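Visitor: One structure follows; several queries about it will come next.
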Amino acid sequence: MNINSLKYCLRQSVVSLKRNFWLAVVTSCIIAVSLAILGGFLLMAVNAGQLIRNVESNVEIGVFLYADADVSAVQKQINSLEGVNSVTFVSKDEGLVTFSNSLGDPALLAGLKGEDNPLPDAYRVKATDTALVAGLAESIRAMPGVEMADYGEELVGRILKITGWLNTLFVGISVLLALGAVFLIVTTIRLSVMARLEEIGIMKYLGASDWYIRFPFLLEGMAMGWVGTLVSTIALGLAYSKLATSLRQDAFAFFIRPVTSVEQLAPIFVGLLLLGTLMGGIGSLISVRKFLRV
Amino acid sequence: MIEVQHVKMVYPNGVGALNDISVSIEQSEFVFIVGASGAGKSTLIRLIGREFLPSSGSIRVFGKEITRLRRREVSMFRRSIGVVFQDFRLLDNHSIFDNVAFAMQVVGATPREVRRRVPESLEMVGLTGKAKMKPHELSGGEQQRVCLARAIINQPSLIIADEPTGNLDPKTSMEIMELLRTINIRGTTVMMATHDSEIVNKMKQRVIRLADGKIERDEQRGVYSHYAH
């Protein structure tokens, strides 16, 4: 296809888009919604990954002692273990204060002070390397006087499980919406094709190649896909940046630390743009296919 | 130039249109395909235009077996022939100039070439000054002239015409025939299906008469029918 044919194709695409303007707008909107959901899921997956890494890198072993445990003997034994970075003692009184504060009302547990305090004495142990945490916890659990050594494996497991479920759910929704969007593109382009059916027939008789006939429709579909995705990526980008800013300012969400690096976010947004454009193109090709058999 | 060998055509609905046709047409010939309605004239013309494939047999045009062309090659083949339709098949929302230019745009001609050759072609068919008009503003004869201008714009070696005068009055029909004859004298082969006996008898060109899907008669300087009208 030479430059003159390309000009013709571009002109035809513009004419068709103008003719079916509102249908094209609706199609673009559907693409925008479906890809915004897909993009939202991708952003969430990236952030979940980061959250898991954060949790893993800050893993602390909480060592809870029996009431009659020899506190200093346990500390000695813990310190003698290889891979221990720091050991901090948290007395049952300190533990109660921290717990009360976390509930938001220090007065709530005021009656549990002293002998009535049900919390055990504890140590917070940090490892020199995250990989050593599981082994250290195992060794500490075997020590006399230690009731429990926990490092939050349940939390990591729960995060993984929840993100796994959400992944499946969002992929399912995204695929359904994407199929719907492609179907709508097929319908929109088919209207354009029907409007130019006579022209297509004449073009075939005059020796126009399939690509020459197909190309204006392909451009039309890709334009709808591209515009829809552009809208969705801009909206998604703005919403995400607002959310990320507010999360960073929120003291309670300090551990979430949303992903803001361009290296991690750019592939998602560029990928979405390409995907939307591709969806538009695929829809067009499906639509034109049967009309080329003249 | 055209070699049709043992061609049979049965449509998907079971209707047989051609039954073992063999015919050879040389460069620069003017050939009428005549016969009653349903004799197979249009089917033969459309097969040569590679509109569809025969049920069996071979069709060679310009030395190429057109029944075995790939999709891409079909487009290239169609560029080398000019087609004239009974119903003109012009784009109503386009000007006369654009209708003729369309055939050039399809093959990727430059705008400069289009601007130079379209007026030449319109002049040849006697439509100078009507380039800006729309098809519905022209008479049937004039519309067929536009169709002719479009058919010759890419300088094809072969023109196939299916009942090009079917919708025209006798006087206009003769004008179109004179144009086709002029194109033919310049070296273009013309193959035309018609049931217009007056035209065929006046032109005195080769006549292939079909009946029930078979060649009944093939004569140089023939007439439509040997029976008196």
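The values are calculated or read from the model by the stated rules, or taken from the named source; none is laboratory data. Predicted model only: the values in this text are computed from it and were never measured. A quick note on method: Cβ atoms are made from the backbone with ideal geometry, for glycine too, and the neighbour counts reach across all protein chains shown.
Visitor: Out of the residues in region B:53-67 meeting the condition of being at positive phi and in a loop (DSSP other than H, G, I, E, B), tell me which one is farthest from the other protein chains (Cβ to nearest Cβ). Step through it out loud before you land on a result.
Guide: Narrowing region B:53-67 to residues at positive phi: B:57, B:62-63.
Then keep just the ones that are in a loop (DSSP other than H, G, I, E, B); that gives B:62-63.
Numbers: B:Phe62: 14, B:Gly63: 18 Å.
Among residues in region B:53-67 that are at positive phi and in a loop (DSSP other than H, G, I, E, B), the one farthest from the other protein chains (Cβ to nearest Cβ) is B:Gly63.
Visitor: Something else now. Out of the residues in region A:170-215 that are more than 43 Å from the chain's Cα centre (by Cα) and assigned to a loop (DSSP other than H, G, I, E, B), state the one that is surrounded by the fewest Cβ atoms within 10 Å (Cβ to Cβ). Before the answer, list the steps.
Guide: Start the filter on region A:170-215 by keeping residues that are more than 43 Å from the chain's Cα centre (by Cα), which leaves A:197-209.
Within this subset, residues satisfying the condition of being assigned to a loop (DSSP other than H, G, I, E, B) are A:206-209.
On the way: A:Leu206: 24, A:Gly207: 21, A:Ala208: 26, A:Ser209: 23.
Top of the filtered list is A:Gly207.
Visitor: Of these, B:Arg78, B:Arg46, B:Arg50, B:Arg70, which one is in contact (Cβ under 8 Å) with a residue 60 or more places away in the chain and within 13 Å of chain A (Cβ to nearest Cβ)? Give the steps one after another, and end with the answer.
Guide: Details: B:Arg78 fails: in contact (Cβ under 8 Å) with a residue 60 or more places away in the chain; B:Arg50 fails: in contact (Cβ under 8 Å) with a residue 60 or more places away in the chain; B:Arg70 fails: in contact (Cβ under 8 Å) with a residue 60 or more places away in the chain.
Every option except B:Arg46 fails the conditions.
Visitor: Within region A:1-104, considering only helices (runs of 4 or more DSSP H) that don't extend past its boundaries, which have at least 3 residues that are hydroxyl-bearing (Ser, Thr, Tyr), at negative phi and within 14 Å of another protein chain (Cβ to nearest Cβ)? Lay out the reasoning, then the answer.
Guide: Details: elements: A:3-19, A:21-57, A:71-80, A:92-102.
Once the helices (runs of 4 or more DSSP H) in region A:1-104 are filtered for at least 3 residues that are hydroxyl-bearing (Ser, Thr, Tyr), at negative phi and within 14 Å of another protein chain (Cβ to nearest Cβ), what remains is A:3-19.
Visitor: Would you call A:Glu147 at pLDDT below 85, surrounded by fewer than 15 Cβ atoms within 10 Å (Cβ to Cβ) and not hydrophobic (A, V, I, L, M, F, W, C)? Let's see the steps before the verdict.
Guide: Working: at pLDDT below 85: no; surrounded by fewer than 15 Cβ atoms within 10 Å (Cβ to Cβ): yes; not hydrophobic (A, V, I, L, M, F, W, C): yes.
So A:Glu147 fails the test.
Visitor: Does at least one position in region A:216-229 carry a residue that is crowded, with 21+ Cβ neighbours inside 10 Å and within 14 Å of chain B (Cβ to nearest Cβ)?
Guide: Yes, because at least one residue in region A:216-229 is crowded, with 21+ Cβ neighbours inside 10 Å and within 14 Å of chain B (Cβ to nearest Cβ).
Visitor: Could you list all residues from region A:1-31 that are among the polar types (S, T, N, Q) and loosely packed, with under 14 Cβ neighbours inside 10 Å? Lay out the reasoning, then the answer.
Guide: First pass over region A:1-31, keeping only residues among the polar types (S, T, N, Q): A:2, A:4-5, A:12-13, A:16, A:20, A:27-28.
Answer for region A:1-31, where residues must be among the polar types (S, T, N, Q) and loosely packed, with under 14 Cβ neighbours inside 10 Å: just A:Asn2.
Visitor: For region B:146-161, which positions are within 20 Å of B:Glu26 (Cα to Cα) and assigned to a helix (DSSP H, G or I)?
Guide: Looking only at region B:146-161, we keep the residues that are within 20 Å of B:Glu26 (Cα to Cα), and these are B:151-152, B:155-161.
Residues satisfying the conditions are B:Ala151, B:Ile152.
Visitor: Continuing with this model, one more query. Filter region B:107-133 down to residues that are surrounded by fewer than 19 Cβ atoms within 10 Å (Cβ to Cβ), in a loop (DSSP other than H, G, I, E, B) and at pLDDT below 90, then give me how many there are.
Guide: Residues that pass the stated criteria total 5.
Visitor: Checking the structure you have, find out if any residue of region A:236-248 is within 18 Å of A:Ser34 (Cα to Cα), assigned by TED's automatic domain parsing to the domain that holds A:Gln12 and in contact (Cβ under 8 Å) with a residue 40 or more places away in the chain. Walk me through how you get there before you give the answer.
Guide: Start the filter on region A:236-248 by keeping residues that are within 18 Å of A:Ser34 (Cα to Cα), which leaves A:236-240.
Of the ones still in play, those that are also assigned by TED's automatic domain parsing to the domain that holds A:Gln12 are A:236-240.
Next, only the ones that are in contact (Cβ under 8 Å) with a residue 40 or more places away in the chain stay: A:236, A:240.
Yes - at least one qualifying residue is present in region A:236-248.
Visitor: Let me ask another. Might you check whether a residue that is at pLDDT 80 or above, more than 30 Å from A:Ile213 (Cβ to Cβ) and outside the structural domain of A:Val74 (by TED's automatic domain parsing) occurs anywhere in region A:134-143?
Guide: Scanning region A:134-143, I find no residue that is at pLDDT 80 or above, more than 30 Å from A:Ile213 (Cβ to Cβ) and outside the structural domain of A:Val74 (by TED's automatic domain parsing), so the answer is no.
Visitor: Sticking with this structure for a sec: Please count how many residues of region B:81-92 are more than 9 Å from chain A (Cβ to nearest Cβ) and surrounded by fewer than 16 Cβ atoms within 10 Å (Cβ to Cβ).
Guide: So the count comes out to 1.
Visitor: If you don't mind, there's one more thing I want to ask. Checking B:Ile185 against (1) closer than 23 Å to B:Ser24 by Cβ; (2) hydrophobic (A, V, I, L, M, F, W, C); (3) within 15 Å of the chain's Cα centre (by Cα), only one condition comes out false. Which one?
Guide: Tallying (1) closer than 23 Å to B:Ser24 by Cβ; (2) hydrophobic (A, V, I, L, M, F, W, C); (3) within 15 Å of the chain's Cα centre (by Cα), B:Ile185 fails exactly one: (3).
Visitor: If you don't mind, another one. Pairs only if they're at least six apart or on different chains, beta carbon under 6 angstrom, first in region B:106-128 and at the interface with chain A (Cβ under 8 Å from one of its Cβ atoms), second of a type outside the set (A, V, I, L, M) and assigned to a helix (DSSP H, G or I); list them, first residue then second.
Guide: B:Val107/B:Arg79; B:Gly108/A:Asn4; B:Gly108/A:Ser5; B:Thr110/A:Asn4
Visitor: Any idea how many residues of region B:93-105 are more than 14 Å from chain A (Cβ to nearest Cβ) and touching a residue at least 40 places away in the same chain (Cβ under 8 Å)? Before the answer, list the steps.
Guide: The initial filter retains those residues of region B:93-105 that are more than 14 Å from chain A (Cβ to nearest Cβ), namely B:95-97.
Now narrow it down to the ones that are touching a residue at least 40 places away in the same chain (Cβ under 8 Å): B:96.
Residues flagged as more than 14 Å from chain A (Cβ to nearest Cβ) and touching a residue at least 40 places away in the same chain (Cβ under 8 Å) within region B:93-105 amount to 1.
Visitor: Please specify each residue of region A:34-54 satisfying the condition of being under 11 Å from A:Phe269 (Cα atoms) and within 11 Å of the chain's Cα centre (by Cα).
Guide: Initial filter on region A:34-54 (under 11 Å from A:Phe269 (Cα atoms)): A:35-36, A:38-40, A:42-43.
Once the filter is applied, which keeps residues that are under 11 Å from A:Phe269 (Cα atoms) and within 11 Å of the chain's Cα centre (by Cα), region A:34-54 yields A:Leu38, A:Gly39, A:Gly40, A:Leu42, A:Leu43.
Visitor: How about region B:77-106: which of its residues are assigned to a helix (DSSP H, G or I) and of a type in the set (D, E, K, R)?
Guide: Those that are assigned to a helix (DSSP H, G or I) and of a type in the set (D, E, K, R): B:Arg78, B:Arg79, B:Asp98.
Visitor: On to the next question. Which condition from (1) assigned to a loop (DSSP other than H, G, I, E, B); (2) in contact with a Gly (Cβ under 7 Å, 6 or more places away or on another chain); (3) modelled with pLDDT under 90; (4) polar (S, T, N, Q) is the one that B:Ser28 breaks?
Guide: Looking at each condition in turn, B:Ser28 falls short on (3).
Visitor: I've got another one for you. Determine whether B:Asn184 is in contact with a strand residue (DSSP E or B) (Cβ under 8 Å, 6 or more places away or on another chain) and assigned to a loop (DSSP other than H, G, I, E, B).
Guide: Details: in contact with a strand residue (DSSP E or B) (Cβ under 8 Å, 6 or more places away or on another chain): yes; assigned to a loop (DSSP other than H, G, I, E, B): no.
No; evaluated as a whole, the condition is false for this residue.
Visitor: Would you call A:Ala142 in contact with a Ser or Thr (Cβ under 9 Å, 6 or more places away or on another chain), surrounded by fewer than 13 Cβ atoms within 10 Å (Cβ to Cβ) and of a type outside the set (Asp, Glu)? I'd like the intermediate steps shown before the answer.
Guide: Numbers: in contact with a Ser or Thr (Cβ under 9 Å, 6 or more places away or on another chain): no; surrounded by fewer than 13 Cβ atoms within 10 Å (Cβ to Cβ): yes; of a type outside the set (Asp, Glu): yes.
In short, no.
Visitor: Here is a check on your reading of the model: is B:Val23 more than 21 Å from B:Arg221 (Cα to Cα) and more than 14 Å from every other protein chain (Cβ to nearest Cβ)? Outline the logic, then answer.
Guide: On the way: more than 21 Å from B:Arg221 (Cα to Cα): no; more than 14 Å from every other protein chain (Cβ to nearest Cβ): yes.
Spelling it out, it is not the case that B:Val23 is more than 21 Å from B:Arg221 (Cα to Cα) and more than 14 Å from every other protein chain (Cβ to nearest Cβ).
Visitor: Answer with yes or no whether A:Ser57 is modelled with pLDDT under 80 and either aromatic (Phe, Trp, Tyr) or surrounded by fewer than 15 Cβ atoms within 10 Å (Cβ to Cβ) (or both). Walk me through how you get there before you give the answer.
Guide: On the way: modelled with pLDDT under 80: yes; either aromatic (Phe, Trp, Tyr) or surrounded by fewer than 15 Cβ atoms within 10 Å (Cβ to Cβ) (or both): yes.
In short, yes.
Visitor: Report whether or not B:Leu18 is in contact with a Pro (Cβ under 9 Å, 6 or more places away or on another chain) and either away from chain A (no Cβ under 14 Å) or not aliphatic (A, V, I, L, M) (or both). Steps first, please.
Guide: Details: in contact with a Pro (Cβ under 9 Å, 6 or more places away or on another chain): yes; either away from chain A (no Cβ under 14 Å) or not aliphatic (A, V, I, L, M) (or both): yes.
The answer is yes for B:Leu18.
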